[in-house]
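The values are calculated or read from the model by the stated rules, or taken from the named source; none is laboratory data. The structure displayed is predicted, hence computed values, not measured ones. Neighbour counts run over all protein chains shown; Cβ positions are idealised from the backbone, glycine included. To get the accessible areas, we keep the full protein, side chains included, count just its heavy atoms, and leave off ligands, DNA and RNA. Shrake-Rupley method; radii C 1.70, N 1.55, O 1.52, S 1.80 Å.
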Amino acid sequence: MQRTLVMGILNVTKDSFSDGGRYLDPSIAIQHAEAMVDRGADIIDIGGESTRPGAVRVQENKERERVVPVIEALTQRGLITSVDTMRASVAAAAAEAGVSMLNDVSGGLADPEMLSVAADTGLPICLMHWKADRFGDAAGAADHGGDVVADVHRHLDARVEAALEAGVKSENIILDPGLGFAKTAQDNWALLHALPSFIQRGHRVLLGASRKRFLAALRSSDEGWADTATAAVSAIAAQQGVWCVRVHDVAGSRDAVNVAQRWNEGA
């Protein structure tokens, strides 16, 4: 059985909620990426713009300047990379730099050219659910009509249809239910409980639960950025067949998905 992949988060930003500013220097970012690979990361997801609550969008050229040199350097080292961006121009520049995957938290809604870039480059693209009037700040919770699972399914179905119409191949579409993006804690738990329904739809599923507030709320202390709870989510998600988990603490989730793989093989 194929093991669930682990995607290591590399924020080359000033204001990401848990590590903002730590990896702005390209050389330090590259070192951190290599360290995550040593700990078991299969993919490095590089983002130059934060979407934390209260975040302000950075200028397009600044985002491009942050991510492209890192992607180029990691590609030269033979590492598999993803670019976390809502801008088509940044995605195109990342493709030229050798990126292996596009990861758009707006699901292709923030920039109408994003799906065309995915189609033209032939790269896999992850389309995340984010119900919002504007993109950039993930604060707040949207109205999901009383059934968040059904609402997310409808939204992602529409994004898949849009991607196919733009020329993206079906096998290159990856879906993300968007935990924490305009959702309450109960919304997030409902989506996790319904994870099999997303996996069974036929497209690969990427799950990003790492260090989310609803996990940190499980304990009275915020010590450890909820990495232990994140690893628990990674283990359960992997046991259910999720394609990839996107995490900050790579080692913990790599151990978790390895356990899930061995557990499944025990059958």
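Points to keep in mind about this one:
- Scan of region 85-114 for residues that are open to solvent by less than 30 Å² (accessible area, probe 1.4 Å), of a type in the set (A, V, I, L, M) and under 26 Å from residue 53 (Cα atoms), ordered by number: 86, 88, 90, 91, 94, 101, 102, 105, 114
- Residue pairs meeting the criteria (Cβ under 8 Å; at least 6 apart or on separate chains; first more than 22 Å from residue 52 (Cβ to Cβ), in region 132-151; second outside any loop (DSSP other than H, G, I, E, B)): 145/151; 149/190; 149/191; 149/197
- If only residues of region 95-118 that are part of a strand (DSSP E or B) and in contact (Cβ under 8 Å) with a residue 40 or more places away in the chain are counted, the one that is farthest from residue 156 (Cα to Cα) is 101.
- Residue among 202, 180, 208 that alone is more than 20 Å from residue 114 (Cα to Cα) and in contact with a strand residue (DSSP E or B) (Cβ under 7 Å, 6 or more places away or on another chain): 208
- Some residue of region 141-149 being open to solvent by 40 Å² or more (accessible area, probe 1.4 Å) and touching a strand residue (DSSP E or B) at 6+ places or on another chain (Cβ under 8 Å): no
- Once region 50-61 is narrowed to residues that are part of a loop (DSSP other than H, G, I, E, B) and among the charged types (D, E, K, R), the residue that is farthest from the chain's Cα centre (by Cα) is 57.
- Among residues of region 34-52 that are at positive phi, those with a beta-carbon under 7 Å from a residue that is open to solvent by 10 Å² or more (accessible area, probe 1.4 Å) and among the small types (Gly, Ala, Ser) at least six positions away or on a different chain give the pairs 40/251.
- Residues in region 62-94 that are part of a helix (DSSP H, G or I) and out of contact with any helix residue (DSSP H, G or I) (no Cβ under 9 Å at 6 or more places or on another chain) were compared, and the one that is farthest from residue 213 (Cα to Cα) is 76.
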